[in-house]
Amino acid sequence: MGPLTLILLTSTLLSSYFHPGRVVDAQSIFTIREVILSMEPSNDVPRDTNVTVRCHADVSSKGQEVLNRQYTIFKDRVPVYTKTTTSSEDLLYPLPMARAFNRGKYTCQVDIEDKSEVSEYQKLTVTGLSKPELHLNKAVVNEGEEVTARCTAPGETGSIIFYFYDNSKEIKEEQVSSNYAEIKFRFTSIGYHKFHCAYTVVVVPDSFRSEQSNIITVSVKELPYTPVLEIFPNYKIYEGDTLDITCSLRGPRYSSQTTQLILSQGTQLLGSGTKDKLNHSLVALAKHSGEFECRLEIGKVVKVATMNISVTELFSVPTLTMSPAEVFRREPLTLTCKSESLAFERLHKEELMYTLEPSDAYLISRGAGVFQGKALSADFNYTCTATAKGIMKQSRILTVRPKLLVSTPKITVLGRVILGRPFEILCNSSIGTLPINYTLIYGYDPLGMITVKKPSEEARFTATINRTDDIRKYICQAYNGHKQLQPPLSERLEATVIVPLSHPTLTVVPTLGEIYEGDHLYLICGVQGTPPVTFKWYRVGKENPLHTNTTNSNNTNLQIKDLAKHHSGMYFCEAINPANIVVSSKPVTIEVRMALWKKALIGGICLLVLAVLALLFVLYYRSKRGRREAAAELSVKPSSPKSDDSLRLTLTHDTEVYNAATVRVDRAVTSVWSERPPEAANDEETSMMSNEPDVEYTEVVHTRAADSAQVPLKKGTDTVYSELQNAPHGATDHHDYGSVEYAELNGEQPEINHSYPEVNNYQDLPVPVD
């Protein structure tokens, strides 16, 4: 009993217990716990044992309701017995006198309402078969007389195959569904015959063979009748001789049976009848050589008499031949009809006559079986006949197929011809009888030959050239067997040779150093090879091409208008032609320079800014001059009487020389201006500057005096500004620059700045003075 059944039963009982007032359906208060099948007395028994198949069903139920049980017995999954009962007793299925047919696997299935349970299978084995019994209706029979035989398998059932034997040789097999088989047969040979039978019981997938039956000896008597065959003459028979053939019955007349005589040679029936004798005459031919048969049939008895004869040919079957073996239309040919062998003892050579069929005006007999003429324009079938002494023999059919001379072949190219690569050449003649031999020739040398035997075939050659002019060196020759004429040659091969691209270049116009904003740029891509060419321009860093162009020229250009800074970068181009080889140029770096007008504008702006700064610087220091606490005398004189390019600068304070320097003066040098605070300038000083000469300020660096008598100075350096009054334009070099100038010492104890002054990139710096 399965777990699901237990769960349902438990659920039903609990529901009934906790709800006693509710009516419970009796059909659901049961379960089939188990079904058991067994064999009694055992699973393995000998034949003729009474076997009982027992089926036990273990059912649990509640209440007094009667349950209808349906039992089904299966043998090898096929139901063999079914019974419905209300009894709880075991089901018994008897197998009285068990036989081999009862072997198999048995199971029992119990169905109660909507529930079902099947037992495990039990295998029953029955050993032993009954001995077969043989019965014949006659033990002594005449030759060919019919006999009835019956073979029985006592007590056996099922599918049975019976076998009948004559002298241990199986002569018949019968499969039946009963326990016997009956056959009828005739003994064709005289003497004693030992007859027996056997059988096999088939129980799928097995079969079981019985022992041999009893043996019955049958005596077969010979009938007193024999056929007789006679042929005259029976030796040295030549074609044309008359053959007399007799087929007769020898023996007493047997009135109770119908007799029949049949005369034949191979498959040809020469005569038949119910009389005692048959006569037949014929003119001997070579084909009559062989066996003749006289057959006697009495009921089912057949007796045969045979005789072999040999007929000598007067002449052999002629053969028709043609020369030459291959002939072209309207060309001479000869047909010859001839018998290879003659019986000279019976036939002279002149007696043998040859004729051609059908007669043809184009072929004329020349005697002795020779026919000459011209081939027709179409295929034609001929036969010849040899005749002598009333005997005619015909040759096999000869089909004359005149060949059509091959036409001048055409030579063409299949696909494209690419320099340095293999390509295919096709040779073809529009007219000509197959097979045709095509030969490809390069210059004067044959390269190869292809034989075309079928209309669907083509003569394709593979070739390679390394120069464009080599294409015209190929020619094609066609030949289909004509020996007298020169095989025709094609014209020279004409085809366009595609040269793969090479030497790609990218040229830039204008030149690389002269590319400015706003210009038009031309990127010229050029290659060597066969057009059409597809050009593509690329910029390094971008996957897609900038432009694609297909042209029949070997170069083309890409124009980029109104150049800007973002057009700067690396460019290259690719090219491809029908050779399908992509070539790329070397990358070219393009730098777009600033436009000239922008440079001029920027320069002007810079100069303007410098001028403004210079003006501010002058105003600042002039405003500072009125508030200086100390005065310094700056003497400016030429440093040398012979030099007009240098000045001697001397800084004094209270009659003490602080510093002196010789400064080289260049009238074209621009002054170096220091920053001037905006608050130091005023409108009055600004107005005064317009009437003063040009002033150049030079920062002079000097060291402190080492004399202890002097006023102590602060540590560090003092910055001293000297005012240089430039000479008016055009003044001489010895002009008096003035002896008194002003210098400001910062604070009461001026500090000296040790940084060197920048005097407009000049090398002559102020020299410290003790």
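Using the Karplus curve 6.51 cos²θ - 1.76 cosθ + 1.60 with θ = phi - 60°, work out ³J(HN,Hα) for each residue of the range 532-547 in order, rounded to whole Hz, and write x for Gly and Pro.
These are the phi-based 3J(HN,Hα) values: x, 10, 9, 9, 9, 9, 10, 10, 4, x, 10, 6, 7, x, 6, 6 Hz.
With r as the distance between the Cβ atoms of residue 582 and residue 492 and R0 = 35 Å, compute the FRET efficiency 1/(1 + (r/R0)^6) and round to 0.05. Please report the intermediate quantities before stating the final value.
Values: r = 33 Å, r/R0 = 0.94.
My answer for the efficiency is 0.60.
Distance between Cα centroids, the range 196-266 to the range 370-405: provide it in whole Å.
Result: 49 Å between the Cα centres.
Sorted by packing (mean other beta-carbon atoms within 10 Å per residue), highest first, where do 86-95, 416-425 land?
Values: 86-95: 13.8, 416-425: 16.6.
Those peptides, ordered most packed to least, come out 416-425, 86-95.
Any chance you could count the Lys pairs in the range 87-222 whose alpha carbons are under 23 Å apart, treating pairs 8 or more apart or on different chains as valid?
For the range 87-222, the number of qualifying lysine pairs is 19.
According to a simple spin-label model (label point 7 Å from Cα along Cα-to-Cβ), what is the distance in nm between residue 591 and residue 458?
If labels sit at residue 458 and residue 591, their model points lie 6.0 nm apart.
Okay, which of the range 365-394 sit inside 16 Å, backbone N to the point 7 Å along the Cα-Cβ direction of residue 331?
373-379
Provide the FRET efficiency to the nearest 0.05 for the residue 188-residue 92 pair, computing r from the beta carbons and using R0 = 56 Å.
On the way: r = 56 Å, r/R0 = 1.00.
For R0 = 56 Å, the calculated efficiency reads 0.50.
Return the sequence-ordered ³J(HN,Hα) values of the range 283-296 in whole Hz as given by the Karplus equation 6.51 cos²θ - 1.76 cosθ + 1.60 applied to θ = phi - 60°, using x for Gly and Pro.
Karplus-based 3J(HN,Hα) across the range 283-296 equals 7, 5, 10, 4, 6, 7, 5, x, 9, 9, 10, 10, 10, 10 Hz.
Among the lysines, select those whose C-alpha is under 27 Å from the C-alpha of residue 236, and discard any that sit fewer than 8 residues away in the same chain.
Those lysines meeting the cut-off are 277, 287, 338, 349, 389, 393.
Taking 0.36 nm per intervening residue step and subtracting the Cα-Cα distance, what contour gain separates residue 350 from residue 362 on full extension?
Using 0.36 nm per residue and subtracting the Cα-Cα distance, I get 1.8 nm.
Under 18 Å from a point placed 7 Å out from the Cα of residue 470 along the Cα-to-Cβ direction: which residues of the range 575-613 have their backbone N that close?
579
In whole Å, what is the distance between the alpha-carbon centres of the range 36-78 and the range 465-504?
97 Å
Describe numerically, in nm with one decimal, the distance between label points set 7 Å from Cα along Cα→Cβ at residue 381 and at residue 562.
9.1 nm
May I ask you to compute the full-extension gain from residue 58 to residue 216, defined as 0.36 nm times their residue separation minus their alpha-carbon distance, rounded to one decimal in nm? Can you show the working numbers first?
Values: separation 158, 0.36 × 158 = 56.88 nm, distance 5.79 nm.
Going from the current span to full extension adds 51.1 nm.
Pairs of alpha-carbon atoms within less than 8 angstrom and 6+ residues apart define the contacts here; what relative contact order does the range 457-517 have, in percent?
On the way: 31 pairs, mean separation 16.6, N = 61.
Taking the mean separation of contacting Cα pairs over the length of the range 457-517, I get 27 percent.
Rounded to the nearest 10 Å², what accessible area does residue 344 show when all protein chains are kept and the probe is 1.4 Å?
Here the residue's solvent-accessible area equals roughly 140 Å².
Could the peptides 307-319, 149-161, 610-622 be put in order, highest first, of the mean number of other beta-carbon atoms found within 10 Å of their residues? Numbers along the way, then the final one.
On the way: 307-319: 17.4, 149-161: 18.9, 610-622: 15.8.
Sorting 307-319, 149-161, 610-622 by mean packing, highest first, produces 149-161, 307-319, 610-622.
Using amide H atoms built 1.01 Å from N in the peptide plane, name the residues 5+ places from residue 241, or on other chains, whose amide H lies under 5 Å from its own.
Those lying under 5 Å, H to H, from residue 241 are 284.
Given the Cα-Cα distance of residue 244 and residue 374 and 0.36 nm per residue of separation, how much length would full extension add, in nm?
Numbers: separation 130, 0.36 × 130 = 46.80 nm, distance 4.88 nm.
Going from the current span to full extension adds 41.9 nm.
Along the range 324-341, what does the Karplus equation 6.51 cos²θ - 1.76 cosθ + 1.60 (θ = phi - 60°) give for ³J(HN,Hα), rounded to whole Hz, x for Gly and Pro?
x, 5, 10, 10, 9, 4, 6, 9, x, 8, 10, 9, 10, 10, 8, 9, 6, 10
Under 17 Å from a label point 7 Å along Cα→Cβ of residue 232: give me every residue in the range 278-310 with its amide N that close.
Answer for the range 278-310: 278-284.
How would you order 565-573, 276-284 from highest to lowest mean count of nearby Cβ atoms within 10 Å? Walk me through the numbers before you get to the answer.
Numbers: 565-573: 16.0, 276-284: 14.4.
Top of the packing list down: 565-573, 276-284.
Percent of accessible area on the range 154-272 owned by carbon and sulfur, 1.4 Å probe? Please list the in-between numbers first.
Values: 3110 of 6610 Å².
Carbon and sulfur: 47 percent of the exposed surface of the range 154-272.
The values are calculated or read from the model by the stated rules, or taken from the named source; none is laboratory data. All figures in this text were calculated on a predicted structure; none of them were measured in a lab. Note that we place each Cβ from the backbone using ideal geometry, even for glycine, and neighbour counts take in every protein chain shown. Ligands, DNA and RNA are stripped out before the accessible areas are found, and what is left, the full protein with its side chains, is counted by its heavy atoms. Shrake-Rupley method; radii C 1.70, N 1.55, O 1.52, S 1.80 Å.
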